[in-house]
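Enquirer: Before anything else, here's the structure in question.
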Amino acid sequence: MAPTQWLNESEDRAWRCLMAMQDGLADFIERQLRTRCGLSKADYEVLAHLSEASEGGLRSFELGALLRWEKSRLSQHLGRMQNRELINREPAASDLRGAVVTITDRGRQLIESAAPQHVADVRAAFISQLSPAELRALTRIGDKVRVRLAELNEER
């Protein structure tokens, strides 16, 4: 086993800064969504994907892939959302083992009222803090890291 290559001061600061920024943004967005419209960040993400679906719904596995969630987490969360009448789950016509998840009228009303303020919060906390060049650089960095993560996951 190779010896540990510890992070130098600059690397450690960048890593810790990224983690603090990610946690801070997630906490802020979660708090804003819950306070303003009673949605969790997870609820918002589900409703956003469903509201954007071209055919009015998504198969459970498609939604899970978009969210990058485990099957059990998705199933449990969708059950809670269905109990709150935000979504419906119905058997898929082409495969009765699968389900199609659709947004209800109540879910659509919530996402439509939450989305403008959510975008304003993202802009205020994040987008407006960065120049166009910084946004492009961050996008390149994110893409580069995601490609590497996919490679590392394939190696497992």
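The values are calculated or read from the model by the stated rules, or taken from the named source; none is laboratory data. Remember, predicted model here, so these are calculated numbers, not experimental data. Heads up, the Cβs are rebuilt from the backbone with ideal geometry, glycines too, and the neighbour counts pull from every protein chain shown.
Enquirer: Scan region 100-122 and tell me whether some residue there is charged (D, E, K, R) and either loosely packed, with under 10 Cβ neighbours inside 10 Å or assigned to a strand (DSSP E or B) (or both). Even if it seems obvious, please write down each step before you answer.
Expert: Quick first cut of region 100-122, residues charged (D, E, K, R) only: 105-106, 108, 112, 121.
Subset that is either loosely packed, with under 10 Cβ neighbours inside 10 Å or assigned to a strand (DSSP E or B) (or both): 105.
Checking region 100-122: at least one residue is charged (D, E, K, R) and either loosely packed, with under 10 Cβ neighbours inside 10 Å or assigned to a strand (DSSP E or B) (or both).
Enquirer: Does region 99-106 include one or more residues that are within 20 Å of the chain's Cα centre (by Cα), within 29 Å of residue 142 (Cβ to Cβ) and polar (S, T, N, Q)?
Expert: The answer is no, given that none of the residues of region 99-106 is within 20 Å of the chain's Cα centre (by Cα), within 29 Å of residue 142 (Cβ to Cβ) and polar (S, T, N, Q).
Enquirer: For region 39-63, which positions are buried (at least 20 other Cβ atoms within 10 Å of the Cβ) and farther than 13 Å from residue 99 by Cα?
Expert: Within region 39-63, 39, 43, 44, 46, 47, 50 qualify.
Enquirer: Can you tell me which residue among 130, 50, 18 is under 30 Å from residue 149 (Cα atoms), under 16 Å from the mean Cα position of the chain (by Cα) and not basic (Lys, Arg)? Let's see the steps before the verdict.
Expert: Values: 130 fails: under 16 Å from the mean Cα position of the chain (by Cα); 18 fails: under 16 Å from the mean Cα position of the chain (by Cα).
After applying the criteria, what remains is 50.
Enquirer: Keeping to region 64-87, report how many residues are part of a helix (DSSP H, G or I) and farther than 25 Å from residue 97 by Cβ. Walk me through how you get there before you give the answer.
Expert: To start, the set of residues in region 64-87 that are part of a helix (DSSP H, G or I) comprises 64-67, 71-83.
From what is left, the residues that are farther than 25 Å from residue 97 by Cβ are none.
Residues meeting the conditions: 0.
Enquirer: Does region 53-64 contain any residue that is modelled with pLDDT of 95 or more and among the acidic types (Asp, Glu)?
Expert: No, region 53-64 contains no residue that is modelled with pLDDT of 95 or more and among the acidic types (Asp, Glu).
Enquirer: Among the numbered conditions (1) aliphatic (A, V, I, L, M); (2) part of a helix (DSSP H, G or I); (3) surrounded by fewer than 16 Cβ atoms within 10 Å (Cβ to Cβ), tell me where residue 93 comes up short.
Expert: Going through (1) aliphatic (A, V, I, L, M); (2) part of a helix (DSSP H, G or I); (3) surrounded by fewer than 16 Cβ atoms within 10 Å (Cβ to Cβ) one by one, residue 93 breaks only (2).
Enquirer: Could you say which residue among 39, 47 is assigned to a helix (DSSP H, G or I), within 13 Å of residue 114 (Cα to Cα) and either in contact (Cβ under 8 Å) with a residue 24 or more places away in the chain or of a type in the set (Gly, Ala, Ser) (or both)? Steps first, please.
Expert: Values: 39 fails: assigned to a helix (DSSP H, G or I).
From the options 39, 47, the qualifying one is 47.
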